[in-house]
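Take a look at the structure below.
Just so you know, all these numbers are worked out from the coordinates, no wet-lab data involved. Just so it is clear, the structure is predicted and the values come from calculations on it, not from any experiment. When we count neighbours, we look across all protein chains shown, and the Cβ atoms used for this are built from the backbone with ideal geometry, even at glycine.
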Amino acid sequence: MLVGNKADLRHLRAVATDDAKAFAERENTFFMETSALESLNVDNAFTEVLTQIYRVVSRKTLEIGDDPAALPKGQTINVGSKDDVSAVKKAGCCSA
């Protein structure tokens with residue numbers, strides 16, 4: 001996944017959107033631009049990352065088949081809820 005951050009700073013852009021899209025296409029990678037300042041695609045970027053991870057893991061699980069011994073062992077990671085994120089934002093972690 002290729003994410004162009006700070007899309008709100010158009011006047012300081014180092015890479016044109018079309019160039020980034022073309023690069024992502026050549027690399028068979030998902031592309032999007034985000035801006036925390038404008039609340040543009042920030043949630044969508046995280047959702048897309050999680051969706052792609054889920055697809056890869058699901059595909060690998062299907063390739064392994066029904067042998068539960070072959071499934072990788074892992075641990076559950078709690079990424080919190082929207083309320084957790086809102087509480088952090090209200091505390092001012094990311095703003096000056």
Checklist line | Per-peptide average of other Cβ atoms within 10 Å, ordering 49-57, 30-38 highest first | finding: 30-38, 49-57
Item checked: Formal net charge of residues neighbouring LYS6 (Cβ-Cβ distance under 13 Å; K, R +1; D, E -1) -> -1
Note to self: Expected output is a single nm value to one decimal: the length gained when fully extending between GLN52 and ARG13, i.e. 0.36 nm times separation in residues minus the C-alpha distance. What is it?
What the structure shows: 11.3 nm
Next item on the list: Would you mind counting up the charge near ILE53? Only other residues with Cβ under 15 Å from its Cβ, with Lys and Arg at +1 and Asp and Glu at -1.
Entry: +2
Next item on the list: Report, to two decimal places, the Cα Rg of region 1-41 normalised by 2.2 N^0.38 Å (N = number of residues).
Entry: 1.14
Next item on the list: Taking H placed 1.01 Å from N in the peptide plane, check which residues at least 5 places from PHE30 or on another chain put their amide H under 5 Å from its amide H.
Entry: LEU2
Notebook entry, point to check: For ASN5 and ARG26 in one chain, what is 0.36 nm times their gap in residues minus the Cα-Cα distance, to one decimal in nm?
Noted result: 5.6 nm
